[in-house]
Amino acid sequence: MKTDLKSLTLPELEAEMLLIGEKKFRAKQIYRWLHVKYADSFSQMSDLSENLRAKLEENYTIGSLKQVKKLVSKIDNTTKYLFELDNNCIIESVFMQYSYGNTVCISTQAGCRMGCTFCASTLDGVEKSLSPSEMLSQVYEIEKDKGETVSGVVLMGSGEPLDNYDNVIKFIKLINSKEGKNMGQRHITLSTCGLINKIYELADEDLQITLAVSLHAPNDMIRNRIMPVSKANPMDKLLQACRDYVAKTNRRITFEYSLIKDVNDSAENAKELAEKLKGLLCHVNLIPVNDVKERDYVRSTNEAVKRFEGILTSRGIETTVRRKLGSDIDAACGQLRKRYKDEKR
Ligand code: SAH
């Protein structure tokens, strides 16, 4: 298989040019075409000789995604995309507009193998871990399609980012590179279901990204029931890893907590959670769970959400309830992809 140049860092691209007998500075030109001008063919690279373009064509590829579906919310311009990968896998990405800028939620895997019982992405397991190029292309394609600058990325689409660790780290380095898109690390959020060893590894990368941890429960009993991954990653060790992460990086952690009626939304649950998070530099994001028709979970009532928020806040835990975007386009967590795949079968 030919190497995808879009997945290479600039130093790697420079090494590649030397390897095929070209001057090192060519790499910078090509890198610019790929990551600033978003070229998807070598023929667009007009400042390279025809000779070189032919040589590149012969030896390399430029990864690209095919847009197969797009839904635009009439309420808030949230836009959902389905893209097809080279191997026919389908992935989902979302464009969101906030007062502070445009953010894209990207997938890191086609499907997921973590098995959270409330999530639609995991229903068919994982089909593919995405390459750095496939993650970048989600952002680049959406920027081109919308004609607007994207200033932030959240790794919260399908997949477990820390289960595709090397590619995700490389993606972050590429999108952050000053010769490329130059997106600030502080505008990047990585969301994990809580793989403890990988959180320690990530802490050692010395990145300024925001780490979000999907907690969804105040104790292992409830967490084991809805997140199978919790059995190998128990809460006391997970929260210790989070404390160590904060100590190492000085970055505040976001905890995601999807509220499911009668599963994890009682006053008791809120008190237990507040107790466990005491003293941890963090922020809790409450998300009324999105109904997944394959599961019989129901979202918490507004009263239960308010109560939960109130208990956390009164105990000094900074808490917000996530605003729902794109409610008219079924924007929740892998549902569009699931439906598209089911229809095709
Ligand atoms: N695997 C990573 C990132 C992808 S999921 C993780 O677990 O964090 C992104 C977020 O969406 C997670 O917090 C996940 O638990 C949440 N999520 C999944 N399905 C959901 C649903 N039906 N309703 C609300 N949140 C959901």
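The values are calculated or read from the model by the stated rules, or taken from the named source; none is laboratory data. Small disclaimer: the values here were computed from a predicted structure and weren't measured. Every residue, glycine as well, gets a Cβ built from its backbone with ideal geometry; the counts of neighbours run over all protein chains shown. To get the accessible areas, we keep the full protein, side chains included, count just its heavy atoms, and leave off ligands, DNA and RNA. Shrake-Rupley method; radii C 1.70, N 1.55, O 1.52, S 1.80 Å.
Observations on the model:
- The phi-based Karplus calculation (6.51 cos²θ - 1.76 cosθ + 1.60; θ = phi - 60°) puts the 3J(HN,Hα) values of the range 62-75 at 10, x, 9, 10, 9, 6, 10, 7, 8, 10, 10, 6, 7, 7 Hz, whole numbers, x for Gly and Pro.
- Difference of contour (0.36 nm per residue) and Cα-Cα distance, Glu343 to Glu268: 22.8 nm
- Remark: the Asp124-His283 segment gains 54.1 nm on full extension, using 0.36 nm per residue and subtracting the alpha carbon distance.
- Placing unit charges on the Cβ atoms of the charged side chains and taking the dipole of the chain about its Cα centre, the candidate lying farthest along the positive direction among Gly115, Gln29, Leu325 is Leu325.
- Put a plus charge on the Cβ of each Lys and Arg, a minus charge on the Cβ of each Asp and Glu, and nothing anywhere else: the dipole of the range 106-202 about its Cα centre is then about 280 debye.
- Beta bridges per DSSP, both residues in the chain: antiparallel share near 45 percent.
- Loop sites by DSSP among the chymotrypsin sites (Phe, Trp or Tyr not before Pro) of the chain, restricted to those with at most 10 other Cβ atoms within 10 angstrom, leave 101-345 as the longest stretch without any of them.
- Selection of trypsin sites (Lys or Arg not before Pro), the range 139-233, meeting DSSP coil and at most 16 other Cβ within 10 Å: Lys178, Lys231
- Straight-distance candidates among the lysines for linking to Lys278, with alpha-carbon spacing under 28 Å and chain neighbours fewer than 8 residues away dropped: Lys198, Lys231, Lys237, Lys248, Lys261, Lys306, Lys324.
- Cleavage-rule hits (GluC sites (Glu not before Pro)) in the range 287-345: DSSP loop, at most 15 neighbouring Cβ within 10 angstrom: Glu294, Glu318
- Relative contact order (%) - the chain, alpha-carbon pairs under 8 angstrom, separation at least six: 15
- Split the accessible area of the chain by element, probe 1.4 Å, and carbon with sulfur accounts for 48%.
- Heavy-atom accessible area for Ser99, with the other protein chains in place and a 1.4 Å probe, reaches approximately 130 Å².
- Pairwise label distance in nanometres, Lys173 with Gln97, each label 7 Å out on the Cα-Cβ vector: 3.6
- Rounded accessible area per residue of the chain, 1.4 Å, Å²: 45
- A Förster distance of 30 Å, applied to the separation of the beta-carbon atoms of Asn250 and Lys37, puts the FRET efficiency at 0.25.
- Length-normalised contact order of the range 1-99 in % [C-alpha pairs under 8 Å, at least 6 apart]: 20
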